[in-house]
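None of the figures in this text is laboratory data; all of them are computed from the coordinates on show. Because the structure is predicted, anything quoted here is derived from the model rather than measured. Note that we place each Cβ from the backbone using ideal geometry, even for glycine, and neighbour counts take in every protein chain shown.
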Amino acid sequence: MKFEKYHISREIKENLDQAGFKRPTDIQFKAIPSIMKREDVMAIAQTGTGKTAAFAIPVIDRIHRMKSSKRSRGIQCIVMVPTRELAGQIGEVFNTLGRHTKVKTFALFGGVEQDAQIKRLKGGIDVLVATPGRMFDLIHQGFVTLSSVDTLVLDEADQMLDRGFINDIKSIKKKLTRRHQTLFFSATINREIKKLAFSQVRTNAIRIQISPEDPVSKNVSHQVVFVKMDDKRFFLRSFIRDNEDARIMVFVRTRVRAERVAKALERGGIKSLTIHGEKDQKERNEVMEQYKNGWAKILIATDVSARGIDIPDVQFVINYDLPDKKENYVHRVGRTGRGTQKGNALSFCSQEERPLLDEIQTFLNKEIEVIRVSKKAYALTVKEGGEPEDVMDLIREHEAWEKKKRKKK
């Protein structure tokens, strides 16, 4: 069934068509009708499968139909999210799908001055996409009122739980005086997430679970190469040079690692951008704009940016460091293979990271394909990417292996 057959506003259909959306994804097909019926929905679906549009389309349509003019009667819907990046991303989706409708959406998050945000709130909005910290701050200051809210969306609820936002979620529920619809969306599920979900939705909530056996989209292929920790930078340089036209996201464990990797690439004549928690919001926005515009095709990020980044045509995600939490692997690789696009996830795994790899494979319920690198190829990769002293041991090791092989013959 195509979107043009749905009973949604003409303006939204035109926006979907202009954005290239012809048919709904599985999560959209299953969630939209229930949301339009004002039922509570608890949905678990892989990253990159179109969860945001699944709740944005029916929310925009309902508010648009209810309003007689563009003037706002107060906040109708709150979308709670765990990170600034995700708030901005979801705000963009709402604004794109709500173009030429009567619906006004605003993304509210910390890290920026609040004066401009307060001005926007005073102008009237219908949908508030917000991180808990700044939202509660402005609630207490009296600039955010909840008396008109009749829809609450909890997006990326698993990370909300990880970040300790459970009390914030319970608090916001208590503040909603009107009978309201609750939409609960998450990419992964475990016992804690189930407990949280069941405590926030009605007992008759619609439960939707897409591909529960595989938390990652089938559009993403997975590979791992075993590399010594100190040699990862050489393999990254080599990979980028072999795929110089590709848009690549590189995930590392810490902000210090991000800057070090960027400098290593710079020494090799490769431009890259970094994004992590130590950058203020203005810097993060500038980085994302430069990445979108193609100023650099390489973005090095920490897990703070594993969610909320929806950049078209990211062909490769490279796990330069394996994540400490297995769930973060899912969110990292979800930056590629989005929608109907194909994507590739490549992990560099050192000896000390083997236990993390085992946890990830158990979580995925499958083994990741191993790329076998001969000692000679390994030595040449490092030699081409680094200084001579970095590769002498590898070359000697390979020569000894070749000598031993000849003796056996």
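In whole percent, what relative contact order does the chain give with Cα contacts below 8 Å and a gap of six or more residues? Before the final figure, lay out each step's value.
Values: 726 pairs, mean separation 72.1, N = 409.
Computed value for the chain: 18 percent relative contact order.
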Worksheet entry | Cα long-axis angle, helix 191-200 against the chain (0 to 90 degrees, to the nearest 10) | 10 degrees
Practice prompt. Please report how far the C-alpha centroid of segment 148-226 lies from that of segment 56-101, rounded to the nearest whole angstrom.
Written response: 19 Å
Fill in: K342-T362 pseudo-label distance in nm [points 7 Å out on the Cα-to-Cβ vector]
3.3 nm
Response to the item:
Relative to the chain, whose Cα atoms define the longest principal axis, helix 84-97 and its Cα axis are tilted in degrees, nearest 10, by 60 degrees
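Relative to the compact-globule scaling 2.2 N^0.38 Å, provide the ratio for the alpha-carbon radius of gyration of segment 251-308.
Numbers: Rg = 10.7 Å, N = 58, 2.2 N^0.38 = 10.3 Å.
Ratio of Rg to 2.2 N^0.38 Å for segment 251-308: 1.04.
What's the tally of Lys pairs in segment 26-185 whose alpha-carbon atoms lie under 15 angstrom apart, where the two lysines are 8 or more places apart or on different chains? Please list the in-between numbers first.
Numbers: K30/K51; K67/K102; K67/K104; K70/K102; K70/K104; K70/K122; K104/K119; K104/K122.
Lysine pairs meeting the criterion: 8.
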Practice prompt. Identify all lysines with a Cα-Cα distance to K263 below 25 Å; exclude those on the same chain that are fewer than 8 residues away in sequence.
Written response: K228, K232, K271, K279, K282, K292, K297, K383
Worksheet item: Given H placed 1.01 Å from N in the peptide plane, which residues other than close sequence neighbours of S347 have an amide H under 5 Å from its amide H?
Response: Q223, V224, V225, N319
Item to complete: Starting with the fewest neighbours, write out E39, E192 ranked by other beta-carbon atoms found within 10 Å of each beta-carbon.
Response: E192, E39
Worksheet item: Any idea which of Q117, G88, L161 is furthest toward the positive side of the dipole for segment 67-174, if Lys and Arg beta-carbons carry +1 and Asp and Glu beta-carbons -1?
Response: Q117
Worksheet, complete the sentence: In degrees, nearest 10, the alpha-carbon axis of helix 166-175 is tilted away from the dominant principal axis of the alpha carbons of the chain by 10 degrees
Item to complete: Treat the count of other C-beta atoms within 10 Å as a stand-in for reagent exposure and order I275, I300 from fewest to most.
Response: I275, I300
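Would you order V93, V256 from fewest to most other beta-carbon atoms within 10 Å of each residue's own beta-carbon? Display every interim value, and only then the final one.
Values: V93 20, V256 12.
Going from least to most buried by this count: V256, V93.
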Worksheet item: Going highest first, how would you order 316-328, 364-376 by mean Cβ packing within 10 Å?
Response: 316-328, 364-376
Fill in: Extension reserve of the A246-D17 stretch, reckoned as 0.36 nm per residue once the Cα distance is removed
79.8 nm
Practice prompt. Rounded to whole Hz and in sequence order, give me ³J(HN,Hα) for segment 343-356 from the Karplus expression 6.51 cos²θ - 1.76 cosθ + 1.60, θ = phi - 60°, writing x for Gly and Pro.
Written response: x, 9, 10, 10, 10, 9, 10, 8, 4, 6, 9, 4, x, 5
